[in-house]
1. Right, Thr333: over 23 Å from Ala225 (Cα atoms) and either in contact with a helix residue (DSSP H, G or I) (Cβ under 9 Å, 6 or more places away or on another chain) or part of a helix (DSSP H, G or I) (or both) or not?
2. Output the number of residues of segment 281-329 satisfying the condition of being touching a residue at least 60 places away in the same chain (Cβ under 8 Å) and of a type in the set (D, E, K, R).
3. Which of (1) in contact with a Ser or Thr (Cβ under 9 Å, 6 or more places away or on another chain); (2) over 15 Å from Arg261 (Cα atoms); (3) crowded, with 22+ Cβ neighbours inside 10 Å; (4) at pLDDT 95 or above is the odd one out, the single condition Ala301 does not satisfy?
4. Have a look at Val381, Val352 and point out the one that is touching a Pro at 6+ places or on another chain (Cβ under 8 Å), under 19 Å from Leu431 (Cβ atoms) and modelled with pLDDT of 95 or more.
5. Of everything in segment 196-229 that's charged (D, E, K, R) and over 12 Å from Tyr240 (Cβ atoms), which residue is modelled with the lowest pLDDT?
6. Helices (runs of 4 or more DSSP H) wholly in segment 400-486 with at least 3 residues that are at pLDDT 95 or above - which ones?
7. I'm checking my understanding of the structure. Among residues of segment 24-41 that are touching a residue at least 60 places away in the same chain (Cβ under 8 Å) and touching a Phe, Trp or Tyr at 6+ places or on another chain (Cβ under 9 Å), which one is surrounded by the most Cβ atoms within 10 Å (Cβ to Cβ)?
8. Restricting to segment 1-18, name every residue that is within 30 Å of the chain's Cα centre (by Cα) and within 18 Å of Ala500 (Cα to Cα).
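The values are calculated or read from the model by the stated rules, or taken from the named source; none is laboratory data. All values derive from a computational prediction rather than experimental measurement. Note that we place each Cβ from the backbone using ideal geometry, even for glycine, and neighbour counts take in every protein chain shown.
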Amino acid sequence: MTPADLVFTRGPIHTADPARTRASSLAVTGDRITAVGHDDVRELIGPDTEVVDLTGKLLLPGFQDAHVHAVFGGLELAECDLTGTVGVDEYLRRIREYADAHPERAWITGGGWSLESFAGGLPTRHLLDSVVPDRPVYLPNRDHHGAWVNTRALELAGLTKDSPDPVDGRIEREPDGTPSGVLQEGATGLIARLVPQRTAADRLAGLLRAQELLHSLGITAWQDALLGSFHGQCDPSDAYLTAARDGSLTARVTGALWWDRARGAEQIPELVARRAELSHGRFRARAVKIMQDGIAENFTAAMTSPYLDSCGCATTNTGLSFVDPVALRGHVTALDARDFQVHFHALGDRAVREALDAVEAARTANGRRATRHHLAHLQVVHPDDLPRFARLGAVANIQPLWAAHEPQMDELTIPFLGPERAGWQYPFGSLLRAGATLAAGSDWPVSSPDPLAGLHVAVNRREPDATDERVFLPEQRLDLGTAVAAYTAGSAHVNGLDDAGTLRVGHLADLVVLDRDIFTAPPEEIARATVLETYVGGRRVHTAG
């Protein structure tokens with residue numbers, strides 16, 4: 001019997017494999033799992049075998065993020081970072097400090113501010129002018145569907161009270177029509193196109209910075225949800241290809257190529273060519289990302305009925321469908337026929353329905369194919385559409401951290417949805433009961449990439465350390481095993497990694513070791529766990545401390 005290279009003993013080991021949920025020992029040879037069991041696995045320990053004692057710790061399949069923007073997140077970590085606070089004075093302090101520390105930068109960039117920090121989610125250019133009056137400032141908010149700019153940036157873009165809104169966005173305005181300093185959705189591109197592009201070296205550094213962070217959180221694979229040029233932002237594709245070729249990409253990455261919503265089917269041959277070009281080693285660009293709508297907080301998520309106003313009365317606004325829904329069916333059918341997975345941004349219930357209609361059209365035309373289309377975000381899902389996920393084989397790609405009471409939800413969303421529609425939000429439990437396959441992701445840098453925080457909210461429907469005792473739609477809670485499966489086997493499914501996501505013989509040894517067994521701890525303590533070690537293909541890529 002050939003000794004293993006690596007053996008974990010004295011578990012608990014949660015395999016996420018229905019055939020054997022728990023084990024106490026696991027062996028790895030090369031990059032594969034060669035044994036899963038109990039004391040019998042110890043027979044594979046030889047003189048050169050590394051042995052990891054799991055007493056008091058938990059071994060899991062490596063987490064996978066089904067929707068993340070890793071390079072953008074890594075780039076923002078090195079710029080003016082406004083995350084981790086909601087204080088306006090703190091934002092201004094950080095912006096001034098960053099500008100003072102970087103006098104060589106022609107533009108002040110970064111982002112991560114929260115809508116809840118400002119009345120109506122709308123800061124002003126005058127606030128930025130008070131700390132940086134002489135250089136343009138461009139700061140996307142944490143959800144990246146809007147940006148805060150100063151007067152100098154507006155001047156450079158030539159935006160005035162006479163400037164029209166683009167068809168896919170909105171310029172927020174002062175009473176006389178002058179741009180107020182916030183640009184929504186497609187309007188962000190009016191400024192972003194002027195921001196100096198990051199260099200190839202910057203993009204590669206951003207990827208490696210992000211990879212280090214994601215590995216430290218137990219993440220071994222992910223799907224990057226936007227490869228391409230979006231509203232003037234840089235295309236991160238070259239960073240992945242460079243890292244894949246030189247061996248510095250230790251994660252397994254699926255890339256989703258950006259669908260240019262200003263164009264149509266004529267771009268499909270280009271996407272086919274890019275798929276071939278952008279596939280090397282652990283990096284494969286096998287998906288296409290279609291953003292079908294915006295977000296609820298700025299009233300651009302596509303809804304089946306109108307938003308309410310601040311008085312609770314119906315408006316005429318039902319949000320935006322960025323791609324004509326009839327054309328969408330044709331595009332998805334054509335992509336499906338060419339073996340592309342389609343990764344939808346679908347947040348409002350109308351966008352969800354339009355995406356499902358497109359998947360159904362593809363299934364009708366092409367039959368069942370192993371394309372594994374998935375819908376991300378799913379903030380509002382009409383009850384009539386819940387059973388369609390299982391029937392069509394469309395995966396529900398959930399972002400659990402968003403399913404909790406917090407100011408952005410309570411002040412900027414629920415009042416404008418109304419009580420019935422607000423009760424359709426993030427229906428994880430209903431999707432599961434309807435037979436949907438669940439995958440999970442973070443949308444980082446929109447929100448934290450920490451899977452343990454996401455597991456906590458999926459199970460508790462409350463934020464970690466929340467002072468608000470209310471549980472957000474408690475009937476939509478998931479049990480911990482199901483939530484872990486979404487972050488492992490479910491995301492491996494949409495990432496096309498059929499030999500990962502569960503701990504079974506022959507599978508890739510992509511593993512994470514936690515400091516405690518979260519299955520035996522109280523559910524309200526899930527987020528207190530920490531990652532001790534992360535392995536990709538049996539190679540340790542992170543050790544705590």
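1. Details: over 23 Å from Ala225 (Cα atoms): no; either in contact with a helix residue (DSSP H, G or I) (Cβ under 9 Å, 6 or more places away or on another chain) or part of a helix (DSSP H, G or I) (or both): yes.
Judged against the criteria, Thr333 is not a match.
2. Residues flagged as touching a residue at least 60 places away in the same chain (Cβ under 8 Å) and of a type in the set (D, E, K, R) within segment 281-329 amount to 5.
3. (1)
4. The match here is Val381.
5. Here is the first cut: in segment 196-229, the residues charged (D, E, K, R) are 198, 202-203, 209, 212, 224.
Next cut, over 12 Å from Tyr240 (Cβ atoms) only: 198, 202, 209, 212.
Working: Arg198: 87, Asp202: 94, Arg209: 97, Glu212: 98.
Checking each candidate, the answer is Arg198.
6. Working: elements: 407-412, 414-417, 419-422, 428-433, 451-460, 480-485.
Once the helices (runs of 4 or more DSSP H) in segment 400-486 are filtered for at least 3 residues that are at pLDDT 95 or above, what remains is 414-417, 419-422, 428-433, 451-460, 480-485.
7. Leu26
8. Step one: filter segment 1-18 for residues within 30 Å of the chain's Cα centre (by Cα), giving 12-18.
Ile13, His14, Thr15, Ala16, Asp17, Pro18, listed by residue number.
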